[in-house]
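First the structure, in the form of structure tokens, and then the observations on it.
The values are calculated or read from the model by the stated rules, or taken from the named source; none is laboratory data. Note that this is a predicted model, so its numbers are computed, not measured. Cβ sites come from the backbone with ideal geometry, for glycine too, and all protein chains shown count toward neighbours.
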Amino acid sequence: MPLITVRRTIWVAVLAVFAAVLLAAALPLIASTQIVRNRIAQEMGAWSGYRVILGQAPEIRVWPNFHATLADVTLAEWGTDGRSPVIRAERVEIDLSAIAALRGEVSFSRVRLFRPKLYVQRRSDDFYLPPMPSGGRIARSIQLTRAAVKANPASPDPAALATDPFGTIEFTDGRIVTIEGGKESDLITGIAGNVSWAALNRAASLSATGIWRGENVALTLASGQPLILFAGGNAPVSLGMKSAPLTVSFDGTANISEGAFVDGTVKFSSPSLRRMLEWSRADMAARASIGSISVSSKVSGNAQRLKFDHAEITLDGNPGIGALDVSLGGAIPGIAGTLAFDSIDLHSFLAAFTPLASLDDRKPGPPAGTGLVRGTNVDLRLSAVKATAGPVTLANVAATAQVKQGLSVFDVSDASAFGGDVQAGVRIDRKPDGNHVELRLHATDIDGAQISKVFGLTRLFPQATGSASLMLKGVGRDWETVLDTGEGQISASFGAGKVPGIDLAGFIKRAKSAGFFPLSAVGKGTLTLDKFDLKATMTGGVATLDKAEAKSGDQIISLTGLVPFVDHGLALSGTIYPAPKPAPASKDAAKPAVDPAQPAAPAADTRPTAAFFVGGSWSAPYISPIYPSMMPE
């Protein structure tokens with residue numbers, strides 16, 4: 001290597017070392033002056049647009065990096081002397097640019113806030129925001145960008161965007177609080193995370209964790225053009241929130257101006273809808289029995305209307321597809337659309353649209369009186385290849401759910417069950433004196449054997465093909481009280497078959513003797529059934545049997561009396577009598593079957609074979625015979 005090159009290299013190294021020593025010597029001098037100290041608060045105010053109040057002078061540290069520590073820092077609205085704080089932090093640490101300090105300037109690259117509190121104000125029932133700054137570098141940059149967006153909304157001029165470097169803000173053990181009645185109230189606690197924004201015209205991201213309503217929540221938010229987004233333009237946005245009760249994500253384009261809109265993909269999931277509703281404190285039914293729910297859909301629209309297309313919805317593990325239209329512009333939000341499932345639990349689905357607690361829901365909680373969609377107009381069309389309603393399995397279900405102005409209507413217009421066809425409906429009108437409920441059920445060509453198997457009715461239920469209908473009105477807070485106050489009509493008609501659990505010959509023998517006996521004592525036989533007809537009137541939760549008649553061979557069994565739904569008791573009287581024999585057909589159609597000139601044939605014997613009372617309960621009936629002397633002639 002030539003000697004001149006070696007000398008040049010040595011001089012460069014010496015100069016570099018000299019510059020480093022000079023800089024190290026100069027920094028304490030710079031840091032000891034008031035230039036940096038005074039400019040820190042000014043620079044924080046210039047960026048934020050708030051008045052910055054320091055509890056004590058900043059502490060400057062030079063090694064291993066140029067660093068400032070501030071204690072008891074308050075950012076407040078101008079003109080309030082700190083009485084209306086926006087942010088308060090016990091300690092703020094700032095990484096400073098040494099080069100800028102040499103020029104007498106202050107440039108932040110990283111800011112750390114320890115135990116900060118963000119003060120927010122209630123703007124609506126569940127919406128809070130901090131006071132907005134009246135100025136500041138960020139606010140002015142947004143104003144300039146707003147002009148660029150207005151000039152070309154589709155593609156604002158990138159050259160019009162501010163290029164100021166920003167840096168990173170970190171925060172630890174933070175809180176979001178509101179002041180009501182002169183007292184601070186925590187909204188979110190344990191906040192930790194950071195905001196990363198290299199420069200105002202670059203991408204930015206927020207990552208934070210905290211505790212909201214007792215649950216750990218993780219939030220991520222990012223945008224490739226945040227300044228355009230804040231200025232009311234369209235910008236790419238990705239949002240994610242994770243917690244035990246709820247997970248939500250969005251990826252697409254958004255606009256947060258007065259004409260706000262979104263266009264992208266949204267995903268939503270919750271392992272328990274009930275838990276999620278309780279946690280969110282939504283004005284909905286925390287008793288809703290739907291378990292897990294997940295939704296993945298294309299979403300587009302604005303603050304007035306959102307459309308969910310190609311929505312994939314899973315309720316309790318049952319997948320479905322559909323399209324929903326959500327209206328948000330009116331006084332009452334609305335949901336309309338169609339949903340198609342391979343399989344669905346109608347019990348859970350019904351619970352989402354009715355304000356009645358389940359008969360088997362005895363858990364403590366808020367009183368029934370609201371459905372999942374209280375305060376929302378709903379018009380949904382539902383179809384399912386297979387559906388369940390408690391122990392009942394249905395196929396090819398077509399249903400509708402409608403909710404509006406205190407009225408809930410759920411109709412199954414068509415379904416197959418028990419080998420036949422079923423239609424059912426529930427109408428609930430919420431009035432000051434309670435829920436006025438109408439129940440409707442109509443079933444044709446149903447198989448009684450299938451019904452008895454599903455409900456475990458191994459005794460005393462017709463195993464035959466027939467039809468049944470129910471029309472019932474009642475008032476109550478849950479299904480049980482509705483039945484207790486129910487009024488309406490019940491009817492059923494079955495053809496030939498059998499009724500397990502009754503030995504007719506043994507029953508007649510016991511009914512003719514003295515002493516009452518349990519029906520189970522003659523329960524080892526099977527009654528042959530020719531037909532069975534039932535008509536009953538419900539009044540005040542008590543069914544009055546207008547007709548309950550079964551024909552078995554040459555005997556007819558008839559029951560009349562009361563069947564209370566309140567205590568499942570029985571108060572019936574029964575009669576067994578011979579079935580009338582059909583009149584013989586005439587051989588000559590021109591001649592009457594009976595010759596008026598001949599004496600009349602003796603009348604058929606219509607005296608009861610046996611008469612009895614039925615008491616006890618539905619599950620354990622008891623029979624009390626009527627003595628022959630008491631039988632009607």
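For the reader, a short list of remarks on this structure follows.
- Positions within segment 326-337 being part of a strand (DSSP E or B) and surrounded by fewer than 16 Cβ atoms within 10 Å (Cβ to Cβ), in sequence order: Ala336
- Taking (1) surrounded by fewer than 19 Cβ atoms within 10 Å (Cβ to Cβ); (2) farther than 26 Å from Ala254 by Cα; (3) at pLDDT 85 or above in turn, Glu170 satisfies each apart from (2).
- Hits in segment 475-517 (condition: part of a loop (DSSP other than H, G, I, E, B) and touching a residue at least 60 places away in the same chain (Cβ under 8 Å)): Arg477, Gly486, Ser513, Ala514, Gly515, Phe516
- Subset of segment 224-269 [out of contact with any helix residue (DSSP H, G or I) (no Cβ under 6 Å at 6 or more places or on another chain), aliphatic (A, V, I, L, M), buried (at least 16 other Cβ atoms within 10 Å of the Cβ) and in a loop (DSSP other than H, G, I, E, B)]: Ile256
- Criterion violated by Ser493 - all others in (1) over 26 Å from Ile623 (Cβ atoms); (2) of a type in the set (Ser, Thr, Tyr); (3) modelled with pLDDT of 95 or more satisfied: (1)
- Some residue of segment 579-601 being modelled with pLDDT under 95, outside any loop (DSSP other than H, G, I, E, B) and either under 22 Å from Pro462 (Cβ atoms) or of a type in the set (Phe, Trp, Tyr) (or both): no
- Residue within segment 471-480 that is closer than 21 Å to Ala415 by Cβ and more than 36 Å from the chain's Cα centre (by Cα) present: no
- Restricting attention to segment 460-473, the residues that are in contact with a Leu (Cβ under 9 Å, 6 or more places away or on another chain) and either free of Cβ contacts under 8 Å to residues at least 40 places away in the same chain or among the polar types (S, T, N, Q) (or both) total 6.
- Subset of segment 370-420 that is surrounded by fewer than 18 Cβ atoms within 10 Å (Cβ to Cβ) and not in a strand (DSSP E or B) - its residue that is modelled with the highest pLDDT: Gly419
- Of all residues making up segment 532-558, the number that are within 30 Å of Asp478 (Cβ to Cβ) and assigned to a strand (DSSP E or B): 12
- Restricting attention to segment 189-213, the residues being among the hydrophobic types (A, V, I, L, M, F, W, C) and in contact with a Lys or Arg (Cβ under 7 Å, 6 or more places away or on another chain) number 1.
- The set of residues in segment 40-72 being closer than 16 Å to Arg110 by Cβ, among the charged types (D, E, K, R) and surrounded by 15 or more Cβ atoms within 10 Å (Cβ to Cβ) consists of Glu43 alone.
- Search result, residues across segment 474-490 that are of a type outside the set (A, V, I, L, M, F, W, C), at pLDDT 85 or above and surrounded by 16 or more Cβ atoms within 10 Å (Cβ to Cβ): Gly474, Thr485, Gly486, Gly488
- Residue that is nearest to Lys117 (Cα to Cα), among those in segment 48-89 that are of a type in the set (S, T, N, Q) and part of a loop (DSSP other than H, G, I, E, B): Ser84
- Criterion violated by Gly553 - all others in (1) surrounded by fewer than 16 Cβ atoms within 10 Å (Cβ to Cβ); (2) at pLDDT 80 or above; (3) within 53 Å of the chain's Cα centre (by Cα) satisfied: (3)
- Whichever residue in segment 110-149 is under 19 Å from Thr74 (Cβ atoms) and among the aromatic types (Phe, Trp, Tyr) and, among such residues, is surrounded by the most Cβ atoms within 10 Å (Cβ to Cβ): Tyr119
- Residue match in segment 455-463 (condition: in a strand (DSSP E or B) and within 30 Å of Phe507 (Cα to Cα)): yes
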